Amino acid sequence: MSEHIWLATGEATVLAADGQYTDAMPEVLIGDVKGPVGHAFASMTGQVAGHPRMFVIRDLNQQVRPATMMTTKMTVKSEAYVELLGGVVQAATADAIVDCVAEGVIPKAQANELCMVIMIWLDPRCATDENLDRRDLYRTNYEATKLAISRAIKGEPTVDQLIANRKTISHYALEGVFDE
C-alpha cells in the first residue's frame, strides 16, 4: 500500500500452546504523526497508575520505527507482570514491527511519518505461572502483532467480509446463549 496512512486500526488473536496463558490479542492504531494517531500517541507520554505506557524498543537504544507506544489492557499489579511486559512481550512486539517494515507491510518510506499505539493483552496468570513458556509468549505476541498491523494496513476485515460472515461467525461468548 503506497497511500498515505491517516488512521488505520487492526487486531488479531493468536492462541497459546496447550497449558499456557500466553494468548496474545493486540489492538493496533496506526497513522500520521500529525493526525489523530499522533495526538493520541503524544497524549500517552504521561503515566497512569496500573497501566504503564512505554515506547516499544527491541533492546537498549533500539527504539522501533514507526515510533510505537504500548500499554496494557489489564491493570498491572506485580513486578513479575512488568518484567514480562517490558521484556518478552515488548521484544516480540518490537521484532514484529521491524519485520513489518522489512517485509513492506509498513511502507519504509513512511516509517518516520507514522506512529502506532498498541494495546497489549497479557494474562495476569502469566506472572505467577511457574511453568510459563516464554518462547510461546514471544511467539503469540510476535505473530499477533504482525497480523494486527497487516490487517490495519489492509483495512481487514472489510465491511463486505463482515457482512458476508455475519450469520456464520459469532462471538465465542455467545455459545449456548442463543438457540440455533
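The values are calculated or read from the model by the stated rules, or taken from the named source; none is laboratory data. If you're wondering where the values come from, they're calculated on a predicted model, not measured in any experiment. Positions of Cβ are generated from backbone atoms using ideal geometry, with glycine treated the same way; all protein chains shown enter the neighbour counts. Keep in mind that these areas ignore ligands, DNA and RNA; they rest on the heavy atoms of the full protein, side chains included. Shrake-Rupley method; radii C 1.70, N 1.55, O 1.52, S 1.80 Å.
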Cα-based Rg and Dmax for region 119-180, where Dmax is the largest Cα-Cα distance (Å)
16.4, 45
In Å, what Rg and Dmax follow from the Cα atoms of region 70-157?
14.0, 44
Might you report the magnitude of the Cβ-based charge dipole of the chain about its Cα centre, with Lys and Arg at +1 and Asp and Glu at -1, to the nearest 20 debye?
580 debye
Heavy-atom accessible area per residue of region 10-77, all protein chains kept, 1.4 Å probe, expressed in Å², is 53 Å²
Please give me the summed charge of the neighbours of residue 131: other residues whose Cβ is under 12 Å from its Cβ, Lys and Arg +1, Asp and Glu -1.
-3
Evaluate the distance, in nm, between pseudo-label points positioned 7 Å from the Cα of residue 79 and of residue 128 along their respective Cα→Cβ axes.
1.8 nm
Only one of the listed values, (1) 126; (2) 144; (3) 117, was derived from the coordinates as volume of the Cα convex hull per residue in Å³; which label is it?
(2)
First compute the accessible area of the chain with a 1.4 Å probe, then give the percent of it belonging to carbon and sulfur atoms.
53 percent
Reduced Cα scattering model of region 3-67, Debye log10 I(q)/I(0), q = 0.29 Å⁻¹
-1.20
Between residue 163 and residue 63, what is the label-point separation in nm under the 7 Å Cα-to-beta-carbon projection?
4.3 nm
Surface accessible to a 1.4 Å probe, residue 78 within the full protein complex, Å²:
50 Å²
Report, in whole Å, the centroid distance computed from the Cα atoms of region 119-155 and region 87-104.
11 Å
Estimated distance in nm for a label pair at residue 154 and residue 49, the labels positioned 7 Å out from Cα along Cα-to-Cβ:
4.3 nm
